[in-house]
Amino acid sequence: MIRTAFTEMLGIEHPVVSAGMGAGMADGDLAGAVSHAGGLGVVGASWLRPEQVAEMVARAREITDRPIAVNLLLFGNEHLLDDVLRTRPAVLSTAWAADDQDLAAIFASAHEAGAKVMHMVPRLDDAERAVEAGADVVVAQGTDGGGHVGLVGTTVVVRQVVKAVSPIPVLAAGGLADGAGLAAALALGASGILLGTRFLATNEAPLDAYYKDAIVASDGTDTVVTTVGEALTGRDWPGAFARVARTRFVEEWLGREPELRRRRSEVWDRLEQADANADADYALMWFGQSAGLIDSVAPVADVVRQIVADAEQILRGVGDTVA
Ligand SMILES: Cc1cc2nc3c(=O)[nH]c(=O)nc-3n(C[C@H](O)[C@H](O)[C@H](O)COP(=O)(O)O)c2cc1C
């Protein structure tokens, strides 16, 4: 058993959290399974309709009566805040706020609804802003991670944030996938880990098999940090790039983002066709360097159990090395 300030705050068993990945990628089945396994499952609410969010949370609650969280990418989804809070999550998980968003007001609404606030940051100054605004937990996310990331590596940003915001619990994210990652995060002073890529390659994740197989096949060298995805979607992420698989599609558009913006709808059609054909070679797949540590698609419960068991063993062994 690994007890931390984070597990104590939420009354959960394991300091392992699944990322709230938007547009249906972290749905009720995935989040419910993670919470049921003793971690904290996060439903990704961004880019969805309120009724879809409510359905996902309801599905997670069919699976478990343990705490669950709901995530919002603040810059493009603040309009969903009240709908999310109406689902009564134990935790409001947030990330990527624009400079002109009132974090204190957003976090106060969550607190009034009985939720803790867990805010993810790619930089030290963002962590300081979140804590000033009343965040209960800070997730420090490094550039090794999948999806939208900043530029600082995980070990650096986690340690910076821990030193700055202690005793507020910090979770480490980005490039972590196993028990060694959890043990390392605890050694950096974090109170747990948040994983995206690892939970995408699980039986419960609502992804096509070609996407999960690409994660398993990756050796960690086949990702790239780019704004090709933003050129395609037209979303204006504040200060983020996205780490994606370096597929033929991404290669084709690297450095040609303005043209991609102009030909968006035509390119979407080609991508949808590739998706329908399960063509991983021409897909847009967000995943991180931690794919290099993942060698099978597994049930969520096994992933969580293995991470915790391996971390316990490593931490005991490390203790033995101290004379
Ligand atoms: C496909 C995908 C979608 C993501 N969507 C979101 C999101 O909607 N909100 C969010 O806060 N983080 C999102 N993230 C980032 C994760 O929260 C997390 O920081 C990242 O996955 C950690 O790195 P890892 O993939 O190496 O575990 C996403 C990540 C991936 C891979």
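The values are calculated or read from the model by the stated rules, or taken from the named source; none is laboratory data. Only a predicted model underlies this, so the values are computations on that prediction, with no experimental measurement involved. Cβ coordinates were reconstructed from backbone atoms using ideal geometry, including for glycine residues, and neighbour counts include every protein chain displayed.
Does ALA190 meet the test of being under 21 Å from THR7 (Cα atoms), in contact with a strand residue (DSSP E or B) (Cβ under 6 Å, 6 or more places away or on another chain), assigned by TED's automatic domain parsing to the domain that holds SER93 and within 14 Å of the ligand (Cβ to nearest atom)? Reasoning before the result, please.
On the way: under 21 Å from THR7 (Cα atoms): yes; in contact with a strand residue (DSSP E or B) (Cβ under 6 Å, 6 or more places away or on another chain): yes; assigned by TED's automatic domain parsing to the domain that holds SER93: yes; within 14 Å of the ligand (Cβ to nearest atom): yes.
Considered against the rule, which asks whether it is under 21 Å from THR7 (Cα atoms), in contact with a strand residue (DSSP E or B) (Cβ under 6 Å, 6 or more places away or on another chain), assigned by TED's automatic domain parsing to the domain that holds SER93 and within 14 Å of the ligand (Cβ to nearest atom), ALA190 comes out as yes.
Quickly run through segment 271-281 and pick out the residues that are surrounded by 14 or more Cβ atoms within 10 Å (Cβ to Cβ) and part of a helix (DSSP H, G or I). Spell out how you get there, then give the answer.
Step one: of segment 271-281, the residues surrounded by 14 or more Cβ atoms within 10 Å (Cβ to Cβ) are 271, 274-275, 279-280.
Within segment 271-281, LEU271, ALA274, ASP275, ALA280 qualify.
Among the residues of segment 254-267, is there at least one that is within 15 Å of the ligand (Cβ to nearest atom) and within 20 Å of TRP47 (Cα to Cα)?
Restricting attention to segment 254-267, the residues satisfying the condition of being within 15 Å of the ligand (Cβ to nearest atom) are none.
Checking segment 254-267: not a single residue is within 15 Å of the ligand (Cβ to nearest atom) and within 20 Å of TRP47 (Cα to Cα).
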Cβ pairs under 9 Å, 6+ apart, first in segment 279-302 and within 21 Å of HIS36 (Cα to Cα), second within 10 Å of the ligand (Cβ to nearest atom) and not in a loop (DSSP other than H, G, I, E, B): VAL297/ILE215; VAL300/SER18; VAL300/PHE199
Qualifying positions in segment 20-41 - in contact (Cβ under 8 Å) with a residue 60 or more places away in the chain and among the hydrophobic types (A, V, I, L, M, F, W, C): MET21, MET25, ALA26, LEU30, ALA33, VAL34, ALA37
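Can you give me the number of residues within segment 303-323 that are touching a Ser or Thr at 6+ places or on another chain (Cβ under 7 Å) and either surrounded by fewer than 16 Cβ atoms within 10 Å (Cβ to Cβ) or free of Cβ contacts under 8 Å to residues at least 60 places away in the same chain (or both)? Give the derivation first.
Taking segment 303-323 as the starting set, the residues that turn out to be touching a Ser or Thr at 6+ places or on another chain (Cβ under 7 Å) are 303.
The next check asks that each one be either surrounded by fewer than 16 Cβ atoms within 10 Å (Cβ to Cβ) or free of Cβ contacts under 8 Å to residues at least 60 places away in the same chain (or both); those that pass are none.
Residues flagged as touching a Ser or Thr at 6+ places or on another chain (Cβ under 7 Å) and either surrounded by fewer than 16 Cβ atoms within 10 Å (Cβ to Cβ) or free of Cβ contacts under 8 Å to residues at least 60 places away in the same chain (or both) within segment 303-323 amount to 0.
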The lone exception for ASP219 - which of (1) within 16 Å of the ligand (Cβ to nearest atom); (2) farther than 27 Å from ALA140 by Cβ; (3) not β-branched (Val, Ile, Thr) it fails: (2)
Cβ-Cβ under 6 Å pairs, at least 6 apart or on other chains, segment 167-179 side away from the ligand (no atom under 11 Å from the Cβ), far side among the aliphatic types (A, V, I, L, M) and in a loop (DSSP other than H, G, I, E, B): VAL170/ALA190
Total residues in segment 282-306, condition assigned to a helix (DSSP H, G or I), touching a helix residue (DSSP H, G or I) at 6+ places or on another chain (Cβ under 6 Å) and within 10 Å of the ligand (Cβ to nearest atom): 2
Contacts under 9 angstrom Cβ, first residue in segment 138-159 being within 12 Å of the ligand (Cβ to nearest atom), partner of a type in the set (Phe, Trp, Tyr) and part of a loop (DSSP other than H, G, I, E, B), 6 or more apart: GLY146/PHE287; GLY147/PHE287; HIS148/TRP96; HIS148/TRP237
